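Here is the structure we will look at.
The values are calculated or read from the model by the stated rules, or taken from the named source; none is laboratory data. Computed from a predicted model, the values in this text were never measured in an experiment. Neighbour counts run over all protein chains shown; Cβ positions are idealised from the backbone, glycine included.
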């Protein structure tokens, strides 16, 4: 896709340059947010490259293998997001989007990471409830927290 509001700079050839990283990260955030809403079983965008011509940006998308999204539907949704302002990027009509279909069988590691994160969150919440209960009980027994009649 062509980024109409960006000026090409030779720093965009170097994937380690600050300019490349800043533009890549900005686009990655915007595209991931947008595609998570409009694409079925979307995972992420990756592998950014920039070329001369205002700025030509190539990237790849990854969707689960059970998704019925095609390159054409992704291009149409990208154009729609540009037209409605949802992407917050000014682009020309993209010509090609590469879709990688990721099998869920190969993503067991991803599910493990998500499971561990959820378990950690639950443990944190249980610990928070326990600590809160202990604090309330201590305050009640010390007379600083009471329910009902006022203490004298």
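Of all the criteria given as (1) touching a helix residue (DSSP H, G or I) at 6+ places or on another chain (Cβ under 6 Å); (2) within 27 Å of residue 111 (Cβ to Cβ), the one not satisfied by residue 35 is (1). Of the residues making up region 15-31, those that are in a loop (DSSP other than H, G, I, E, B) and out of contact with any helix residue (DSSP H, G or I) (no Cβ under 6 Å at 6 or more places or on another chain) are 15, 16. Filtered by the rule that a residue be within 21 Å of residue 23 (Cα to Cα), out of contact with any strand residue (DSSP E or B) (no Cβ under 8 Å at 6 or more places or on another chain) and either surrounded by 13 or more Cβ atoms within 10 Å (Cβ to Cβ) or outside the structural domain of residue 10 (by TED's automatic domain parsing) (or both), region 34-76 gives 34, 75.
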